[in-house]
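No value in this document is a laboratory result; all are computed from the given coordinates. Predicted model only: the values in this text are computed from it and were never measured. Virtual Cβ from ideal backbone geometry, glycine too; neighbours counted across all protein chains shown.
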Amino acid sequence: MALTSRISSKGQVTIPKKVRETLGASPGDLIAYEVEGNVVTLKRVGPFDAAYHAALSQTLDEGKLSATDYNNVRRSLQATLA
């Protein structure tokens, strides 16, 4: 299924209803964007993921941990907690 959105003059995009339903996303939820080359994956972020991301964001900004390393750490932590 191919869905499209238009970017507003403010850089905003409305996530299509079908995508929001698939993600289980509601107003106020956080959405994470994972970028790999020219492919972007959207994921609804739960409270634990949001706290984890906040804790690592400064490290990521400083370039100490690559996005790939971050994703590997996150996946490992999620698997441990599952």
Review point. Which residues' amide hydrogens lie under 5 Å from the amide hydrogen of I31, considering only partners 5 or more residues apart or on another chain, with H built in the peptide plane?
Key: V45
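So if we plug the beta-carbon distance of N72 and N38 into 1/(1 + (r/R0)^6) with R0 = 22 Å, what FRET efficiency do we get, rounded to 0.05? Show your work: numbers first, answer last.
Working: r = 21 Å, r/R0 = 0.96.
It comes to 0.55.
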Check your understanding: A2 to I31: extension gain in nm, 0.36 nm per residue of separation minus the Cα-Cα distance?
Key -> 8.5 nm
